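Participant: First, the structure itself, so that you have it in front of you.
What follows is calculated from the coordinates using simple rules that are stated; it is not laboratory data. The shown structure was predicted, so the numbers you read here are calculated from the model rather than taken from an experiment. Reconstructed Cβ throughout: ideal geometry from the backbone, glycine too, with neighbour counts over all protein chains shown.
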Protein chains: 2
Amino acid sequence: MAPENLQTLLDFFKVLSDETRLKLLGLLAQRECSVEEMAALLHLKAPTISHHLAKLKSLNLVLLNPEGNTHLYRLNSEQLQLLSRDLLSSEQLKTLAQSVQPEAWETTVLKAFVENDRILSIPAARKKRFVLLKWLVQKIEPDRDYSEKEINAILKQHHEDCATLRRELIGYQLMSRKDGTYRRLPPTEWLQEAGNFN
Amino acid sequence: MAPENLQTLLDFFKVLSDETRLKLLGLLAQRECSVEEMAALLHLKAPTISHHLAKLKSLNLVLLNPEGNTHLYRLNSEQLQLLSRDLLSSEQLKTLAQSVQPEAWETTVLKAFVENDRILSIPAARKKRFVLLKWLVQKIEPDRDYSEKEINAILKQHHEDCATLRRELIGYQLMSRKDGTYRRLPPTEWLQEAGNFN
DNA sequence: CAGTTGATTAGATACTTATCTAATTAGAAT
DNA sequence: ATTCTAATTAGATAAGTATCTAATCAACTG
C-alpha cells in the first residue's frame, strides 16, 4: 500500500512541477484550446505541447474532444480536485516512509561502537547513545530483579565504565530501580525517542 | 500578482517532485532525525541529504533543532498544510494563465488567412473561422442598420464569397438580422467561444 | 590546544527531461 | 484520388539536477 501511495504522489508532483504544464492547466481552466492555439499562446512548437499534454493525460487531467481534424482539449476539473485534495494529510505522509527499514540506522551505529560484544566507546550524541543502550539492555533478562552487583557484572562484560552505563540505562528509561533492585523495562514502556533528560 | 502565484506553485511542486524528498518528509513526519540517520535510512550519503534538506528549507517545510554537534530536523506540519491547502482551487488556476497574451493566437491565425485586408481563404476549423470573423466584423460600424446590399458591398472588399461570410457572421452571433436589416452586435454580446452551431 | 565528529559547501559526473526538427499518421477538403 | 491541415511520434540536443567524493566549517571532547 505504501509504495503505491508514494508513487502516486510522486507522479502527481512530477507532472505538475513544470511551468509550461501549469500554464496549460491555467489556460484550459479558462477555455478549451487546440494544440496549435496553445503552442501559439505559449510561444512553443506543437510537438512540445503534445509532449506536455501526454503527461497531463497520464493523470487524466485533461479531456479530449476531437472536432474534425483539430483536437480540442479542456481541463478535467473533477480529477484535479480529486488528486489535490488531502494528498498531504499527516496520515498519508507517514505512509511515505514505510519503505525504509528502521534497523538500517541502528545497525550502522552498532557497527561503529560495538565489536565482539564489547563497547568500543560510549557515543556522545544522544540518539546514538540511545541506540547503543537499547542494544545493551537486551543483555539483561526481563521479568526478574537484579541487585546492583549483578547488573554491574553484566555491564562489565561489555564495557569498563559500568557505572555510567547503569546510570544511562535508568535515565533513558530502559531499566528501573526501586529500593536498590534493578529490573529491565519491557519495550512497550520505552520512550519512543531518546528523551532529553540531561 | 499572477506570475508570483505561478512561481510559488512551481517552486512548491518542484521541491516535492522528488522521491527522496517525499521519503524525508514521511520520515520527519514520524520522528526527528539527524542528517546521518536519514542518510543511513535512505542508503544515501550525508551531503545528498543536506542537498535535499536545503530544498525543503527553502519552503520552510522543516525545522532545525541543533543539539550539540548534530542537527535534528523535524517536519513543519503547519507550513505543509498551509502550502498544500487550496493551492489548486479553480480561482487560483485561472490566474496561472494570466501571463499569456490572448492576442498571440489570433494574430497567428490572421497572418495565415489575411493579406492586405483580403481574406485568402475561409478557415475550415471552427475556432479559426471565429477568429477571422471577429476580425471581419470590425469592418462594419456599430450602432447603425445596414441593408443586405450594403453588407455585401463591405464583405466583397475582403472576399468573393460574401454570402458565406454573411451567413457565418450571423451564425457566430457577431451580427444580427431583423426584418432584412443587419446590425453589428457589441462585443459584450458575442459568444465567449465559437459555438458549435453547425 | 589538538583531535574528532557531524554537517555543509564545492565541484564533478551521470541521468532525466524540455524543446526542437523531421517524419509519420489521421482526417477533411478539393 | 490527391492534397492539405492538425496532431502525434521519433530522434537529437541542451539544460537542469540528484548523487557522489573531497574539502571546509563548527562544535564538542580529551
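Participant: For every other residue with a beta carbon closer than 10 angstrom to the beta carbon of B:Lys55, add +1 if it is Lys or Arg and -1 if Asp or Glu, then tell me the sum. List each step's numbers first, then the result.
Facilitator: Values: positive: B:Lys14, B:Arg21, B:Lys57; negative: B:Asp11, B:Asp18.
Net charge around B:Lys55: +1.
Participant: Can you grab the distance from the C-alpha centre of region A:91-169 to the C-alpha centre of region B:40-86, Å, no decimals?
Facilitator: A separation of 27 Å, based on Cα centres.
Participant: Would you work out which of B:Leu24, B:Ala112, B:Met38 lies farthest towards the positive end of the dipole of chain B, given +1 charges on the beta-carbon of Lys and Arg and -1 on that of Asp and Glu, about the Cα centre?
Facilitator: Of the listed residues, the answer is B:Ala112.
Participant: Taking the Cα centre of region B:2-95 as origin, sum charge times position over the Cβ atoms of Lys and Arg (+1) and Asp and Glu (-1), and report the length of that vector in debye to the nearest 20.
Facilitator: Charge dipole of region B:2-95: 140 debye, to the nearest 20.
Participant: Cut-off 17 Å, label point 7 angstrom out along Cα-to-Cβ of B:Ala104: give me the residues of region A:44-76 whose amide nitrogen falls inside.
Facilitator: Answer for region A:44-76: A:44-53.
Participant: Seen from all sides and averaged, what is the projected area of the convex hull of the Cα atoms in region A:1-69, in nm²?
Facilitator: Orientation-averaged projected area of the Cα hull: 5.2 nm².
Participant: Once you list every other residue whose beta carbon is under 12 Å from the beta carbon of B:Ala29, what net charge do they have if Lys and Arg are +1 and Asp and Glu are -1?
Facilitator: Within the 12 Å Cβ shell, the charges total +2.
Participant: Per residue, how big is the convex hull of region B:1-134 when only Cα atoms are used? Give it in Å³.
Facilitator: Considering the Cα atoms of region B:1-134, their hull volume per residue is 173 Å³.
Participant: What's the longest piece of chain B with no exposed trypsin sites (Lys or Arg not before Pro), counting a site as exposed if DSSP puts it in a loop and it has at most 16 other beta carbons within 10 Å?
Facilitator: Of all site-free stretches, the longest is B:145-198.
Participant: If you put a point 7 Å past Cα along the Cβ direction, how far is that point for B:Lys149 from the same point in each other copy, in nm, smallest first?
Facilitator: With the label placed 7 Å along Cα→Cβ, B:Lys149 yields 13.1 nm.
Participant: Is there a simple number for the mean count of other chain Cβ atoms within 10 Å of the Cβ of residues in B:13-21, and what is it?
Facilitator: Per residue, the average neighbour count from other chains is 6.
Participant: Along each of its three principal axes, how wide is the spread of alpha-carbon positions in region A:74-121, in whole angstrom units, largest first?
Facilitator: 66, 19, 13
Participant: What number do you get for the protein assembly as shown when its Cα radius of gyration is normalised by 2.2 N^0.38 Å, N = residues?
Facilitator: With N residues counted in the protein assembly as shown, Rg over 2.2 N^0.38 Å equals 1.61.
Participant: Using every pair of alpha-carbon atoms in region B:88-198, split the distances into 10 Å bins beginning at 0 and state the percent of pairs per bin, rounded to integers.
Facilitator: 12, 42, 31, 10, 4, 0
Participant: Kindly state, to the nearest 0.05, the FRET efficiency for A:Trp190 paired with A:Arg85, given R0 = 51 Å and r defined as their beta-carbon distance.
Facilitator: Taking R0 as 51 Å, the efficiency between A:Trp190 and A:Arg85 is 0.85.
Participant: Let me spell out the model: positive unit charges on the Cβ of Lys and Arg, negative unit charges on the Cβ of Asp and Glu, origin at the Cα centre of chain A. What dipole size does that give, in debye rounded to 20?
Facilitator: Working: 27 positive and 26 negative charges, 104 e Å.
The dipole magnitude comes to about 500 debye.
Participant: Once you list every other residue whose beta carbon is under 12 Å from the beta carbon of A:Leu16, what net charge do they have if Lys and Arg are +1 and Asp and Glu are -1?
Facilitator: +1
Participant: Please get the size of the charge dipole for the protein assembly as shown, origin at its Cα centre, with Cβ charges of +1 on Lys and Arg and -1 on Asp and Glu, quoted in debye to the nearest 20.
Facilitator: 220
Participant: Now a separate question. Counting only Cβ atoms, what residue of chain B lies nearest to the axis that sends chain B onto chain A, and how many whole Å off?
Facilitator: Residue plus distance in Å, as requested: B:Ser17, 2.
Participant: Now, a different point. Restricting to Cα atoms and excluding each atom paired with itself, what does the Kirkwood estimate give for region A:98-142 in Å?
Facilitator: About 11.2 Å, per the Kirkwood formula over Cα pairs.
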